[in-house]
Amino acid sequence: MTRSITGDDLVDIARGAAILGTGGGGDPHIGRLLASAALREHGPVRLTPLAELPDDAQVLTVAMVGAPTVMVEKLPSIEQVGLSVATLAEYRGRPVTHIACAEAGGVNSLIPVVAAAQLGLPLVDADGMGRAFPEIQMVLPTLYDIRATPMSVADEKGNRLVVDAVDNHWAERLVRTATVEMGCSTMTSAFAMTGAQARQALVPDTLSLCAELGRLVGQARERHQDPVAAAVARLGGRRLFTGKVVDVLRRTSKGFARGEATLEGLGGDSGARLLIRFQNEHLVAERVAGDGERAEVLASVPDLICTLDSESGEAVTTESLRFGHRVTVIAAPADPRWHSAGGLALAGPRYFGYDIDPVRCPAPEVSA
Amino acid sequence: MHIGIDVGGTNTDAVLMRGRTVLAAVKTSTTADVTSGIVSALDGLQRQRAFDPGQVHAVMIGTTHFINALIEARRLAPTAAVRLGLPATASLPPMVDWPEHLVGAINGRSYLCHGGHEFDGRHIAELDEAELRAAAADMAAHGVRSVAITSVFSPVNAEFEARAAELLAAELPGVALSLSHEIGRIGLLERENATVINAALRELAAHIVDGLAASVAGAGITAPLYLSQNDGTLMDVDFARRYPVATFASGPTNSMRGATVLSGVDTCAVVDVGGTTSDVGVLQRGFPREATTEVSVAGVRTNFRMPDVLSIGIGGGSLVRGQADAVTVGPDSVGYELTSRALVFGGDTLTATDIAVAAGAAEVGDPGLVAHLDRGLVRAALDRIAADVADVVERMRTSAEPLPVVAVGGGSILLPDELADGGRVHRPEHYAVANAIGAAIAQVGGEVDRVFAVEPGRREAVLDEARQEAVDRAVAAGATPGSVTIVDFDEVPIPYLPGNATRVRVKAVGDLKVED
């Protein structure tokens, strides 16, 4: 991608971000419309490579917190996004020089574009996760003792809140509660850091990755090539399973959509099944042999488990998984720091309630 | 007796039926003015089997008029979109994602006003009557004749839409009002889009409905008139005037509904094989399964209910290429030129119809002209068609159970008697007028699609309440109370919302109160 984001980049970024959303992250459609409106109004957004961030830069992350279902109904406003940044800058008494993404997957890859456009600030080509996760503290900056708070929360009415919490888990609890009271769709700014800190703690080049991934998948489709292969190749990942959805079980607990989807293998995977366990995002992919007795975990968090439509290569969210859908499940390596002890404590399988050791994405397929 | 008429882009099909028996069936050309096409269809029925117009108890019509008017962007009323949601939603105003020419075609104007609800029913802001009156004055000054009103979370609480409608009705007498909660579901832009489209079609709807009523009355029929809806149920003419968008997918729906009546199979995949494509839909207990994703109509994203239909490029006119060991069928087709370009008609192009004739599955044109075809190629082409169609049917299945297949449409001769997985292919009689037969089915429905807060231990009570509401709505739409059953039910928990917010969809359907 060039060093700026224009309206033409948004379709690709949204498509790529949906893939990095690993089944969750929220549908980027509204984020795309909002970013498109913001760019029309305020012009292109400059993109700063992470490595070029000056030491003394003042960086804030921007993200939507709440229910994607609410966001498609009570549409957020551009001003609401900008307000969250202004509120935090005011509280800290320091101007912001750069905006960054907290997460690269789903709708939150595009909300920071809105903030950067409205405020006329450059956007850092990086994010806090390299994927999507459901909770605020699940970002690499937490591992570097960068605090989520002071964190600002803004609703569309003009209500503003600054939360100063003792740790990032508390930030999640307090902000989540406030968000419900504010109507379940808020814009937040957090993780104030210097340029030096950001260079250390963020995952580089993830907005470029989203744009490129989206472009490659779209291109492969236009050229009648395999879009899934294009995604696998770009992510340095691996195709785990191709099959069709035969069962989806869902339940909500504590506001999260938990469940399992079962896929029946097709082609080379005929006779086998794959079980995907999810909590908004996909957490564990388990291959079950024909008799159902031998189960093998093929991949788990913190690595990325993405379900793609086998034909179009478009991401399939957990909400839209349904019987008969033909999907290819791919795994891609997470940023290696997620596999450190601290990373696993934040977002490993055990944090999500699965008593297994994390299974890392196998080595990339070697192209012939 | 009752009469079903399906007005398509090319043909107008009509059937005279008693119960589920077809007494007469005719096919005429669709006319530009609709009404003369209806008149000639009724005349055709009368000629085929003389009937006493006084003995006709209902006339049901399916029409593609409204969707075609939208696609062609003609005869659309000057329309305003009023959105109740400030201070939220302002960055993405109404029609933000529309093709520009369509906004122009409806002289689309937007008014952002205060109001709307939160997901849990609290008010985002109070309704501002002065603001609405000012908007009404501006609409009057600009010649707006139809208004779409959309309030944030109106599927949860519609009070603001109702109050705004009351106020605008008083300020703008004679202007048509369309309310979003009656048209779409959660998803503000998509619901609003559907509502604005509906509003833009209101004048045309009044005109068409009057024309249809006049031509039916002109034939001496005094029975009530109904229009087919996207979901396979009927609406009366008053409803049709108010909700023209509800007719948008009645074409494929009626063809599916006709297939179930003709075959007697009520849970099946219906394959409608035309000249260029095969359209596959699924009937569950007699009703088309709906698409769960947003549907784009004339370049506008909407979320009103449309049947879930998957199409592939295989039809009677599909080009067949290659040899026995590597044959392709479609996706390109000779289309309407079949009768000049296909081999059996003396043409020079090998089509799927030629293959069917060579295999002895059909008798059209001159079989002698395809006698030279390689048997292996014929077999391979038929196998290819069967495999491709079976693949689409397989994709449309909703459970592990095998699904019977009902084939309709002129090209259904291309299909084998059995598809992969043991699904038998039913090929009913009268398949050419399945559309009109589908229109003639006399059932009406009621629906609930809302987000409920399901408190612990209250799940059953909430679901019962939703079911009862759907039944009540079906009865209000004209169903015989004892005949109403729940035909569709779906419960989806919504992530990140507190209080176990669950979206519940229930559909109830009953028989129309008609004597036969």
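Observations on the structure shown:
- Residue B:31 long-range amide H proximity, modeled H, under 5 Å: B:37
- Theoretical FRET efficiency, 1/(1+(r/R0)^6), r = Cβ-Cβ of residue A:314 and residue B:71, R0 41 Å, to 0.05: 0.95
- Estimated vicinal HN-Hα couplings, Hz - the range B:284-291 in sequence order (Karplus 6.51, -1.76, 1.60; Gly, Pro = x): 10, 6, x, 10, x, 5, 8, 5
- DSSP beta bridges confined to the protein assembly as shown are antiparallel in about 75 percent of cases.
- Kirkwood Rh and Cα Rg combined as Rg/Rh, the range A:19-155: 0.93
- Applied to the range B:249-261, the Karplus parametrisation 6.51 cos²θ - 1.76 cosθ + 1.60 on θ = phi - 60° returns per-residue 3J(HN,Hα) values of 10, 5, x, x, 4, 5, 5, 5, 5, x, 4, 5, 5 Hz, with x for Gly and Pro.
- Chain B - charge dipole about Cα centre, Lys and Arg +1 at Cβ, Asp and Glu -1, debye rounded to 20: 460 debye
- Shielding of peptide A:70-83 by partners, expressed as the average count of other chain Cβ atoms within 10 Å per residue Cβ, is 6.
- Of A:159, A:108, A:168, the one that fluctuates the most in a GNM where chain A has Cα springs shorter than 10 Å: A:159
- Per-residue Cβ neighbour counts within 10 Å put B:372, A:282 in the sequence B:372, A:282, beginning with the fewest.
- With θ taken as phi - 60° and the Karplus curve 6.51 cos²θ - 1.76 cosθ + 1.60 applied, the whole-hertz 3J(HN,Hα) list for the range B:217-227 is 4, x, 7, x, 8, 9, 5, x, 10, 10, 10 Hz, x standing for glycine and proline.
- Distances between placed amide hydrogens fall under 5 Å for residue A:21 paired with A:106, all partners being 5 or more residues away or on another chain.
- The ranking of A:170, B:98 by Cβ neighbour count inside 10 Å, starting from the fewest, reads A:170, B:98.
- Surface/4 of the Cα convex hull for the range A:263-315, nm²: 4.1 nm²
- Listed peptides A:50-62, B:407-419, B:239-251 appear in the order B:239-251, B:407-419, A:50-62 once ranked by packing, highest mean of other Cβ atoms within 10 Å at the front.
- Averaged over A:237-248, number of beta-carbon atoms from partner chains that fall within 10 Å: 1
- Value of Rg to Rh for the protein assembly as shown, rounded to two decimals, is 0.99; Kirkwood radius and Rg both from alpha-carbon coordinates.
- For chain B, DSSP calls about 65 percent of its internal beta bridges antiparallel.
- Here the dipole of the protein assembly as shown is about 200 debye; that uses its Cα centre as origin and unit charges on the Cβ of Lys and Arg (positive) and Asp and Glu (negative).
- Among A:153, A:329, A:72, the largest mean-square fluctuation in a Gaussian network model of chain A, built with springs joining Cα atoms closer than 10 Å, belongs to A:72.
- A simple spin-label model places the labels of residue B:167 and residue B:210 3.1 nm from each other, with each point 7 Å out along Cα-to-Cβ.
- A helix-only calculation puts the protein assembly as shown at -9000 deg cm²/dmol for mean residue ellipticity at 222 nm, using -39500 (n - 2.57) for each DSSP H run of at least four residues, averaged over all residues.
- For a paramagnetic label modelled on residue B:511 (point 7 Å from Cα along Cα→Cβ), amide N atoms under 12 Å away belong, within the range B:16-53, to B:19-20.
- A simple packing score, the average count of other Cβ atoms within 10 Å per residue, orders the peptides B:423-431, B:145-153, B:85-93, B:59-67 as B:145-153, B:59-67, B:85-93, B:423-431, with the highest score first.
- Burial order of peptide ranges A:132-138, B:108-114, B:460-466 (average beta-carbon count within 10 Å, highest first): A:132-138, B:108-114, B:460-466
- Shielding value for A:35-47 is 1, the average number of Cβ atoms from other chains within 10 Å of each residue's Cβ.
- For chain B, the Rg and Dmax computed from alpha carbons only, in angstrom: 24.6, 80
- With Cα atoms, 0 to 90° folded angle of helix B:459-476 axis to chain B main axis: 80 degrees
- Listed by chain and number, the aspartates and glutamates whose C-alpha is less than 17 Å from the C-alpha of residue A:157, apart from same-chain residues fewer than 8 away, are A:73, A:79, A:181, B:118, B:120, B:126, B:128.
- Calculated diffusion of chain A, Stokes-Einstein form, Kirkwood radius summed over Cα pairs, 10 °C and 1.306 mPa s, µm²/s: 78 µm²/s
- When chain A is treated as a GNM with alpha-carbon contacts under 10 Å, the residue of A:208, A:310, A:320 showing the greatest mean-square fluctuation is A:320.
- For residue A:126, residues with placed amide H under 5 Å, excluding near neighbours: A:101, A:205, A:206, A:207
None of the figures in this text is laboratory data; all of them are computed from the coordinates on show. Please read these numbers as outputs of a predicted model, since none were measured by experiment. Backbone-built Cβ (ideal geometry, glycine too); neighbour counts: all protein chains shown.
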